[in-house]
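The values are calculated or read from the model by the stated rules, or taken from the named source; none is laboratory data. Please read all numbers here as calculations on a predicted model, not as lab measurements. Glycine gets a Cβ as well: all are built from the backbone with ideal geometry, and neighbour counts include every protein chain shown. The accessibility values were calculated without ligands, DNA or RNA, using every heavy atom of the protein model including side chains. Shrake-Rupley method; radii C 1.70, N 1.55, O 1.52, S 1.80 Å.
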Amino acid sequence: MTPFTDYASPTPVKIPPHHLNIMGYVDESQVNGPGIRAVVWVQGCKRECPGCFNPASWSFEINQLVSVETLAEQILKNPNNQGVTFSGGEPFWQASALAKLAQILKGEGLNVMSFTGFTLEELRRDDAPNGADALLAQLDILVDGPYVESLAIHSPDSPVSSRNQRIHIFNPAFQDQITWASDQMEIHILKDGSRIITGFQGHLGLM
C-alpha cells in the first residue's frame, strides 16, 4: 500500500464551528473498546482502503450535522455509557470539534478512545490535520494505522483488524483493559425498528 501523506484540507464542505458531521451513533456498545461505550462514527475519509468496513463514510458531504454540546448531552444522558469511541470515516479530519467533545465528556468522568488511519507519528507532525494535537491530548487510547486487507486479522485473540495497526495506551489505568477482539460484532435495534450492526473492526451496517 502506498503511504498516505496528503494532509491537505480534504473537502470544500464547510462544517459550522463547534459542530460535527457524523455518519452514525450508538449507545452502550461493548465491542468498540473497554467497558460500555457510546460510539460516534464521523463522516469523511480520503483513504478509500480496499476492504473498508464503512465505505459509506468516505464522502465528505454533510450527512448528520450535530453540535458538540448536543452530542455531549446525548452521550451523558445514558448513565450506562462509561466512555466514548470515535470511529469513521477519519476522526482526525474533525479533530478540533472532537477534542472539544472529549474535553466535556472527560470532565464528566468518561474515558475517550479513537480509531485513526493515520499513524501516531503522522499525527504529531507539524502538518498533521488541524486540531490533531488537541485531540491526542484528550485520548486515553488510540488505535492507529489504516486497515490493510492483505494483513487482516479475524481472531478472538486480536484487538486490531490488521497486523499493521497499533494500540497506544496513554492512560495507564487501561493497561489491563485491552480485552475486546476484532471478530466481535453486535446488533443495536433502534426505536424506529432499524438495526445497526457494529463491531470493533469499525463496521457500521444499517439494516
Practice problem: Go through the range 77-93 and count every residue that is surrounded by fewer than 24 Cβ atoms within 10 Å (Cβ to Cβ) and either in contact with a strand residue (DSSP E or B) (Cβ under 9 Å, 6 or more places away or on another chain) or of a type in the set (Lys, Arg) (or both). | Solution: 5
Self-check item: In the range 47-76, the residues that are open to solvent by 60 Å² or more (accessible area, probe 1.4 Å) and in contact with a helix residue (DSSP H, G or I) (Cβ under 6 Å, 6 or more places away or on another chain)
Solution: Pro50
Exercise. Can you work out which of the residues in the range 138-169 that are part of a loop (DSSP other than H, G, I, E, B) and loosely packed, with under 15 Cβ neighbours inside 10 Å is modelled with the highest pLDDT?
Key: Arg163
Quiz item: Restricting to the range 108-137, what's the tally of residues that are of a type outside the set (A, V, I, L, M, F, W, C) and either buried (at least 20 other Cβ atoms within 10 Å of the Cβ) or not in a loop (DSSP other than H, G, I, E, B) (or both)?
Solution: 8
Practice problem: Scan the range 88-108 and give yes if some residue there is modelled with pLDDT under 95, of a type outside the set (Asp, Glu) and touching a helix residue (DSSP H, G or I) at 6+ places or on another chain (Cβ under 9 Å), otherwise no. | Solution: yes
Exercise. Among the residues of the range 2-26, write down those that are within 19 Å of Ser57 (Cβ to Cβ), at pLDDT below 95 and of a type in the set (A, V, I, L, M).
Key: Val13, Ile15, Met23, Val26
